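Read through the structure below, which is laid out as C-alpha cells, and then see the notes.
Taken together, the values in this text are just the output of simple stated rules run on the coordinates, not laboratory data. For clarity, every value in this text was computed on a predicted model and none was experimentally measured. Cβ: placed from backbone, ideal geometry, glycine included. Neighbour counts: every protein chain shown.
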Amino acid sequence: MLNKGNRESGYVLVSVLMIFLFLTLLSTVLMAKVLQSNKFVAVAENNIEEKVAAENIIKEATAWLEKEIQGLNDSSVHRSSVVQEIEDTLNELKTKYPVEVNDNMISNDLSGSGNAVMNVTITASEGDTKYTTEYTISTLAEVFKYASVTPGNLSLNGASYIKGDLYVGDEFHSSNKSNFIRSSDDYAAETSYPTIDGTLTIPNAFKYTKENTQHTLTNPITQEGIAPYFYKEVPQLVERELDDEPFDVEQLVTEAKSRFDNEFLDGDYDTEVLEIGGAIINQHIVKEGDTLYDTLQINSGSSVTVKGDLFVNNDLIMKSGSELTVHGDIYVNNYADPCIVLPLIGQVCGDADDSDDEGLISRTELSGDLTVNSTIFINGAFEMKNLNLDGVVYSNGEATISESITMAGNGSTVITNDKATVEDLDNSSGGTLVLMTEGELKVQNNNSFQDNPREMNAFFYTNSDLEIYGVWSNMKINGGLYGQNITLNAVKGKVKGVKKDEGGGTYNQSDYDRYAYDGLFDEGFLDTVDFLDLFKDVVYVEKNQDSIDYTKSRLQIDYNEQLMLSPPKGIPMVNNISLKKIDERFE
C-alpha cells in the first residue's frame, strides 16, 4: 500500500511539473508576443509619423510651387521665356525644401503654338519612407483637359457614352430619345439614357425627358436624384470652375493673315513672276525661293516643292495622290476680278476679298500629301478630303472635312472663323485633328450604317453650337469637345437604312424598330405599306435598346490624355500656366 501511495504521489508531482512547464512556456510566448506587438506598434507608429512628415513636406513644397506659378501668370511671362522661368522655379524649389525634383519636357512648341508641357515629379524622404507626387505643368487651355466643356447647355439625346470629365456652365439635359436628320421630335428614335464614366460639374439646372415630357429636378441636385436618368454608369457630381476664357477664333485668324503683309494680297505684283499654272500632270516640279501661282492644280502622281513661301492667287486644287511640299508658308488668296462671265450663267460678280461658296469664282480643295513648315492661310472656303497633313491651317471661310485625314507627329490644328462640317471622317491613324471654328460645327454621316465604330483622334471646338449625330453614324472620338452649347444624338447597336435614292437593304427587319422620315407617304395608313419605303427614307434601329450594353453606343467620346501630354501643332496658347497632379505614391 505504501509503494502504491508513493507512486501516486510521484505521478502528481510529474503532472504538476508539466503543468508548470506549460504555463511557463505559455507565459514566455505571451511575453514575446506582447514585446513583438509593442515593437510592431512602435514601427507602425514610426511609419505613420514618417508618412505624415513626408506628406507635409510635399504639401508645403506644392503650396509654394502653386504660389510661384500664379506669380508667373500674374506677371504675364512672354511665351519665349515660359520654359526657362518654370525651370528656374523648380531649381529654387530644391533649395527651399528637402525634396528631390525631376522634370521631363514632353512637348515644347514655343516656336509654333507657344505651348509647352512638362512632367514633374517631387519626392520627399523621411526615414525609410518616400512620398512621390507627379504633376503636369502646362500652358494648354483647361478646355483641352476635359472630355466635354460647354459654358451653356449640354443636351445628351439618347445613348451616347462619354468617358472622362464634363464641365457644364448652365443646363444639363438627359433624354432617352435620339434625334436624327433634323432637331425635331418627329424624327426621334427610342433608346436608352446616356452613360457617363467620369465627373460632371453640378449644373444650374438638370432636365430630363420621360414619357415624351421634359421635367426639371428640384434643387439641390444630388447623385441619387440624377441616377435614374443615366444608363448603368452615373457621373460623380463635383464643384468646379474654369479659369480660361473662350478662344477668340476671329482674332487668331486675323493674326495669322497679318503675317502675309505683301503686295501679292492686293494683286499688285509684277506679272513676270507669275506662274500661270494650270493642271500639273505627271510632273515633279521644284521651285527655288518664293513662288506665285495664278492657279495651281496638282494631279495624282505629280508633286510640287517650293523652297520658300507659296502664294496662290486663285484656285489651289490638290487631287488625291498628289504632293505639295512648301519650306515656308502658304497663302491662298482666292482672288478674283469683281465680275466674270460664265457660260450659260452670265455675269457673276464677287468681292476680291471673299471666296464664292459655290466655287464659281475660286476654290480650294486639299487632298493627297500636304507639308508646310509653318502655316497655311486660305482666304475663303475650302475642302479637306483624303489628306495627309503636316502643318497648321487658318481660314476665314467655311470648312468641309471628310474621309481619311492623317496628321503627322502629334497632330495639326485647323482654325476657321466661319462654320464647318465633318462628314465620313476617318483619322484613326497618326496624330490628333484639332478643329476650331467661330461658326457652328456639325459632325454627321460618319461611318453610316456600319456595325463597328470608326475611331477618330479629334478635338472639336466651336464658339457657336456643336451638334454630333450617332444614329446611323457609328464613331468613337478619342479626344474631346467644346461648344457654346453641345448636343449629342445616339442610339446603340445596329442601325440599317432604306433610302429612296439607294434602294432596299438585306436584313431581318423584324429585329429592328422602323422610323420613316423626310419622304412621301410617311403618315397614316400608307406609312405601313413596306413597298412604299422605296419612295421615302426609312431607318431601322435595333430593338430592345435597354438590353444593349452602353459600349455598343454609336457615339462614344473617350477623353484622350495624349492631347494634354503631346499637344498637336498649332493648338492655341492661353496666358495661364497650369499645375495638375496626375499621380501620388508611397515607396
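Overview of results
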item	result
Long-range amide H partners of ASP426 with built H, under 5 Å	GLU403, SER404, ILE405
Amide proton proximity set for VAL326, modelled H, under 5 Å, gap of 5+	VAL306, THR371, VAL372, ASN373
At most 16 other Cβ within 10 Å, DSSP loop - trypsin sites (Lys or Arg not before Pro), the stretch 145-239	LYS232
Cα-projected label distance for ASP248 with SER75, points at 7 Å along beta-carbon direction, nm	2.5 nm
Cα-based reach from LYS319 at 18 Å (exclusive), listing lysines while leaving out same-chain residues under 8 positions away	LYS385
Derived scalar couplings ³J(HN,Hα) [the stretch 291-301; Karplus, 6.51 cos²θ - 1.76 cosθ + 1.60; whole Hz; x for Gly, Pro]	9, 10, 10, 6, 9, 10, 10, 10, 7, 4, x
Computed E for LYS580/ASP549 - FRET, C-beta separation, R0 35 angstrom, nearest 0.05	0.65
Amide H contacts under 5 Å for LYS543, placed H, 5+ residues apart	TYR512, ASP513
